[in-house]
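Below: the structure, in structure tokens.
None of the figures in this text is laboratory data; all of them are computed from the coordinates on show. Computed from a prediction, not measured in an experiment: that's the story for all the values here. So basically every Cβ, Gly included, is an ideal-geometry build from the backbone, and we count neighbours across all protein chains shown.
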2 protein chains.
Amino acid sequence: MNTIILSLPGNEELSSIIASKLDAPIGRTTIRRFPDGESYIRIHDEVKGKKVVIVCTLHQPNEKLLSLYFLARIAKEQGAKCTCLVAPYLAYMRQDKIFNKGEGLTSKYFSSLVSQFADSIITVDPHLHRIQKLDDIYTVQTEVVHAANHISSWISGNISNPVLVGPDSESEQWVSEVAKNAGVPFMVLEKIRHGDRKVEVSVPDVTLFNDHTPLLIDDIISTARTMIQTVEHLKNAGMKPPVCIGVHAVFADRAYQDLLDSGVEKVITCNTIPHITNAIDLSDLYLDFIRQFNFLKI
Amino acid sequence: MNTIILSLPGNEELSSIIASKLDAPIGRTTIRRFPDGESYIRIHDEVKGKKVVIVCTLHQPNEKLLSLYFLARIAKEQGAKCTCLVAPYLAYMRQDKIFNKGEGLTSKYFSSLVSQFADSIITVDPHLHRIQKLDDIYTVQTEVVHAANHISSWISGNISNPVLVGPDSESEQWVSEVAKNAGVPFMVLEKIRHGDRKVEVSVPDVTLFNDHTPLLIDDIISTARTMIQTVEHLKNAGMKPPVCIGVHAVFADRAYQDLLDSGVEKVITCNTIPHITNAIDLSDLYLDFIRQFNFLKI
């Protein structure tokens, strides 16, 4: 089946890499806002009978959803055989439980919308905590790929004598895998959360690692509060300025600047969300799924 | 059936008026953004078995849709008997035709989303042009109410010796009705559109009306280009500075300031979109529909 790549605004760089590696064309589109804030979408190239790969990472999802939905519907109405959504960051994965009466399972509501217009979805390390796997909430074919090996390789190639630091117990499984693959030691801290922006962190005895370069690793860097607090604790314990590595560069508000100001050596992220810190390209993780996906939604 | 009003942010004033006239409570909600841009929604009051009236006008729709969708789904999951969406301004009504291959019928795509979570919708003068009636694209119960009588009353009570001016042929039906009800003369201009922001207007001989106060009337004031150009023509023809009346105060970007600067007497709108120009309250138009709607979506 012929493949064509359609890029939502902001995803041009990743789309180019994927197109190049798949030797598939990038379809020409017009995606803009009318003066009143409504979206105008047009696909200029032929998509009939083709596999349409839509590249749209989903941080700040509210503003993007309608354009994405319209683009996918137009592709289908123009005769696309199937749509494959490449969303390296998947939104609304953290609202996976109703803590108080009157709240909603927005992870499920969001997935039910996306499942209406994408025949398949591939994403990187979604925040699977209480929801065990994407198939529990997405009704279309999904594929989860992991950044761990690429991060391990980056560490091996760029940092000498590192020690990996996971900010909380949720990160343990994933930090331990990165550490194992890179053949380096790791430790995991404990986090106690008070509201969206306030967290407490307990740090173990780190004197063993005073000669190492600490690598703080987390899946999502959003407010960066956890990382900044951890940086403080590591500094107080006499460790070197850490290198911070995140898979997903969400960086809410001033978070990136605040993290820089906290005294880190540098900040490195994967290219799941376009950001100046992107240094680890994960695009080859998407290629097999895109090549093999061949499902026509009825 | 018990009724409870839920207001999306920005709709508090209209919600209060409706709640007061229906003698129904406004339900307490938390509707905010997480630092990463995702929506957090919670309904604090009991909605079980109730008719839930959700007030959310839909200008700048892309940013609002997910919060609205989540709120309606939570209401249903909490046992609401039905949801009635009061959306005085309805979005995506102007993209009602595919002009070029590769475009989409976004009015239909948008309506199919909204029809999933609202059991009924009431709106004011939607831009029905090629689509004849809302039922052609909405699959749930819809009600369209008209601002014309309220505008006529406002004119009768506030302007002496007026002449109504419709900016284009699309406005004729609606301007003529306002004029008839107010018992005043009217004329309609011709508009030729070149793209989103550029229009040409042809003006008839207006010397008969040099002693009148011209009232420019349109359903939607968005970029205000049409109105501003009409103001220029009327000024050049020696008429008094006009009063501009719009149903829907969309006012894209600097449109309101530009309209003021063009030399108008004043600008008046209905309260379908909250704006400093709101002077004509349409809320009583919604009450019968809200009271009578009693449909449980299966």
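What dipole magnitude, in Debye to the nearest 20, does chain B give about its Cα centre under +1 on Lys/Arg Cβ and -1 on Asp/Glu Cβ?
Working: 30 positive and 35 negative charges, 184 e Å.
Charge dipole, chain B, about its Cα centre: 880 debye, nearest 20.
May I ask you to list the aspartates and glutamates whose Cα is less than 19 Å away from that of B:Lys50, ignoring any residue fewer than eight positions away on the same chain?
Excluding near neighbours in sequence, the set is A:Glu103, B:Asp23, B:Glu77, B:Asp119, B:Asp288.
Tell me the distances, shortest first, between B:Leu128 and the same position across the other copies, using label points 7 Å along Cα→Cβ, in nm to one decimal.
5.0
For B:Lys235, give me every one of the lysines with a C-alpha distance below 20 angstrom, ignoring sequence neighbours fewer than eight places off in its own chain.
B:Lys235 reaches B:Lys191, B:Lys198, B:Lys266.
Suppose only helical runs count, i.e. DSSP H with n ≥ 4. What mean residue ellipticity at 222 nm does that imply for chain A under -39500 (n - 2.57) per run, divided by all residues and rounded to the nearest 500 deg cm²/dmol? It would help to have the intermediate numbers written out before the result.
Values: 8 runs with 86 residues, N = 298.
Result for chain A, helices only: -8500 deg cm²/dmol.
How big is the dipole moment of segment A:148-280 about its Cα centre under a simple scheme where the beta carbon of each Lys and Arg is +1, that of each Asp and Glu is -1, and everything else is neutral? Debye, nearest 20, please.
Details: 10 positive and 16 negative charges, 42 e Å.
Result for segment A:148-280 is approximately 200 debye, rounded to the nearest 20.
Gain in length, A:Thr30 to A:Ala279, computed as 0.36 nm per residue apart minus the alpha-carbon separation, to one decimal in nm?
Details: separation 249, 0.36 × 249 = 89.64 nm, distance 2.92 nm.
The A:Thr30-A:Ala279 span can extend by a further 86.7 nm.
Could you tell me the ratio Rg/Rh of the protein assembly as shown? Both radii from Cα atoms, Rh via Kirkwood.
On the way: Rg = 27.8 Å, Rh = 26.8 Å.
Reported Rg/Rh, Kirkwood definition of Rh: 1.04.
Under a crude label model (7 Å from the Cα following the beta-carbon direction), how far is A:Phe99 from A:Lys180 in nanometres?
Between A:Phe99 and A:Lys180, the label points sit 3.1 nm apart.
Fewest Cβ neighbours within 10 Å first, please rank A:Thr30, A:Thr230 accordingly. Show your work: numbers first, answer last.
On the way: A:Thr30 12, A:Thr230 26.
Lowest count first: A:Thr30, A:Thr230.
Provide A:Phe293, A:Phe99 in ascending order of the number of other Cβ atoms located within 10 Å of each residue's Cβ, fewest first. List each step's numbers first, then the result.
Working: A:Phe293 20, A:Phe99 7.
Neighbour counts put them in this order, fewest first: A:Phe99, A:Phe293.
Counting only trypsin sites (Lys or Arg not before Pro) that sit in a DSSP loop (anything but H, G, I, E, B) with at most 16 other Cβ atoms within 10 Å, what is the longest stretch of chain B containing none of them? Mind showing how you got there, number by number?
On the way: sites that count: B:Arg28, B:Lys48, B:Lys97, B:Lys101, B:Arg130, B:Lys133, B:Arg197, B:Arg254, B:Lys297.
Looking at chain B, B:134-196 is the longest stretch - no exposed trypsin sites (Lys or Arg not before Pro) with at most 16 other Cβ atoms within 10 Å.
Past 19 Å, Cα to Cα, is the threshold; run A:Lys48/B:Lys101; A:Lys76/B:Lys133; B:Lys21/B:Lys76; A:Lys76/B:Lys101; B:Lys51/B:Lys108 against it and keep the listed order.
Numbers: A:Lys48/B:Lys101 12 Å; A:Lys76/B:Lys133 26 Å; B:Lys21/B:Lys76 25 Å; A:Lys76/B:Lys101 13 Å; B:Lys51/B:Lys108 26 Å.
Violating the 19 Å limit, Cα to Cα: A:Lys76/B:Lys133; B:Lys21/B:Lys76; B:Lys51/B:Lys108.
Let me confirm one metric for peptide A:38-48, namely the mean number of other chain beta-carbon atoms within 10 Å of its residues' beta-carbons.
Working: counts 15, 8, 5, 6, 7, 4, 3, 1, 2, 1, 0.
Mean shielding by partner chains, rounded to a whole number: 5.
Over all pairs of distinct alpha carbons, what does the Kirkwood formula give as the hydrodynamic radius of segment A:205-298, in Å? Mind dumping the intermediate values first?
On the way: mean 1/r = 0.0675 Å⁻¹.
By the Kirkwood definition, the hydrodynamic radius is 14.8 Å.
Give the percent of DSSP beta bridges with both residues in segment A:148-280 that are antiparallel, rounded to the nearest 5. Spell out each step's value before the answer.
Details: 5 of 23 bridges.
Counting only bridges with both partners in segment A:148-280, antiparallel ones make up about 20 percent.
Need one value for A:210-223: mean number of C-beta atoms belonging to other chains within 10 Å of its residues' C-beta atoms.
Details: counts 0, 0, 0, 0, 0, 0, 0, 0, 0, 0, 1, 0, 5, 3.
Taking the mean over all residues of the peptide, I get 1.
Most mobile of A:Asn158, A:Asn149, A:Asn278 per a Gaussian network model of chain A (Cα springs, under 10 Å)?
A:Asn158
Can you give the translational diffusion coefficient of chain B in µm²/s, computed by Stokes-Einstein from the Kirkwood radius over Cα pairs at 37 °C and 0.692 mPa s?
On the way: Rh = 20.3 Å.
Answer, rounded: 162 µm²/s.
How big is the Cα convex hull of segment B:148-280 in projection, averaged over all directions, in nm²?
Working: hull surface 28.3 nm².
Mean projected area for segment B:148-280: 7.1 nm², to one decimal.
If the elastic network links every pair of Cα atoms under 10 Å, which of A:Val231, A:Val145, A:Val53 fluctuates the most in the Gaussian network model of chain A?
Most flexible of the set in this elastic network: A:Val145.
Can you compute the FRET efficiency between B:Leu287 and A:Met1 using 1/(1 + (r/R0)^6), with r the Cβ-Cβ distance and R0 = 45 Å? Round to the nearest 0.05. Could you put the intermediate results ahead of the total?
Working: r = 55 Å, r/R0 = 1.22.
Efficiency, rounded to the nearest 0.05: 0.25.
Please report the equivalent ellipsoid semi-axes of segment B:1-106, computed as sqrt(5 x eigenvalue) of the Cα gyration tensor, largest first, in whole Å. Walk me through the numbers on the way to the answer.
Details: eigenvalues 150, 55, 36 Å².
Rounded to whole Å, the semi-axes are 27, 17, 13.
Averaged over peptide A:73-80, how many Cβ atoms belonging to another chain are found within 10 Å of each residue's Cβ?
Details: counts 6, 7, 2, 1, 7, 4, 0, 0.
Average neighbour count from other chains, rounded to a whole number: 3.
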